[in-house]
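**Q** The following block contains the structure, expressed as structure tokens.
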Amino acid sequence: MRVYVPLTLPGLAEAYKTGELAAGPFVAYAVTPALREWYLSDDIEELEYAALSRSALASLRLLAADPDAPRRRVVVAVDVPDGAAAADPDRGLDPAALGEVRVAGTMPLAKAAAVHVDADDAETDVAAAAEALQAADGGDDDAQFVVDGAEDHELLWYATQEIPNLVGLGD
């Protein structure tokens, strides 16, 4: 099963230094039955993209909580054994928890399949979205429009070998 782990660039740098993506249990996003029902698609690529997008929103929440982090969303794609990730049955249809799973155990960064990161030109919109997130959660339509503006930026795909360059530790 592929899961998408939300991070920030400082979080990715820490994972690179320690070799550990996360200590379990931790929250990630995946194609869950509730996400399938919500998205109304049987196309696995579309469903995986929806899970990636949910993780990107969770990364935005991490940015809102860390004003010193560069304003770029980060999502790490990891393949985990079936059964290692499970959705909370009590939150299955909660719109805030769509695609959310808990992954048991520690996850080595070496298990990552890819990293998805905003391009530099997304930083202004991502910064504005992080600022507007709380108001959007409170029902402010104008703030939600700003948050949606960050989602207009596609995350770029990077191979795991490119992590040192992404976090400023490369040659």
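**Q** What residue among 105, 19, 83 shows peak mean-square fluctuation when the chain is described by a Gaussian network model with Cα springs under 10 Å?
**A** 83
**Q** Using only the alpha carbons of segment 1-94, determine the length spanned along each of the three principal axes and report them from longest to shortest in whole angstroms.
**A** Projected onto its principal axes, the Cα set of segment 1-94 covers 38, 26, 25 Å.
**Q** What distance in nm lies between label points placed 7 Å from Cα along the C-beta direction at residue 61 and residue 148?
**A** 2.1 nm
**Q** A follow-up question, please. Please calculate how many Å² of accessible area the chain carries per residue, with a 1.4 Å probe and no DNA, RNA or ligand atoms counted. Don't jump to the answer; show the numbers that get you there.
**A** Values: 8990 Å² over 171 residues.
With the other protein chains kept in place, the chain gives 53 Å² per residue.
**Q** Please report the Cα spread of segment 12-54 along all three principal axes, rounded to whole Å, starting with the longest.
**A** 39, 19, 12
**Q** Magnitude of the Cβ-charge dipole of the chain, K/R +1 and D/E -1, about the Cα centre, nearest 20 debye?
**A** Numbers: 11 positive and 32 negative charges, 164 e Å.
I would put it at about 780 debye.
**Q** In µm²/s, what is D for the chain at 4 °C and 1.567 mPa s, where D = kT/(6 pi eta Rh) by Stokes-Einstein and Rh is the Kirkwood radius from Cα pairs?
**A** Details: Rh = 16.2 Å.
Reported coefficient: 80 µm²/s.
**Q** In whole Hz, what ³J(HN,Hα) sequence does segment 105-114 give by Karplus (6.51, -1.76, 1.60; θ = phi - 60°), x for Gly and Pro?
**A** x, 7, 10, x, 4, 4, 7, 5, 8, 6
**Q** Then there is this: If I model a spin label as a point 7 Å beyond the Cα along the Cα-Cβ vector, how far apart are those points for residue 40 and residue 123 in nm?
**A** Taking the simple label geometry, residue 40 and residue 123 are separated by 4.0 nm.
**Q** How many percent of the accessible area of segment 1-125 is carbon or sulfur, using a 1.4 Å probe?
**A** Numbers: 3200 of 6090 Å².
Whole-percent figure for carbon plus sulfur exposure: 53.
The values are calculated or read from the model by the stated rules, or taken from the named source; none is laboratory data. Because the structure is a prediction, the values reported are computed rather than measured. Because the Cβ atoms are built from the backbone with ideal geometry, glycine has one as well, and the counts that use them run over all protein chains shown. The accessibility values were calculated without ligands, DNA or RNA, using every heavy atom of the protein model including side chains. Shrake-Rupley method; radii C 1.70, N 1.55, O 1.52, S 1.80 Å.
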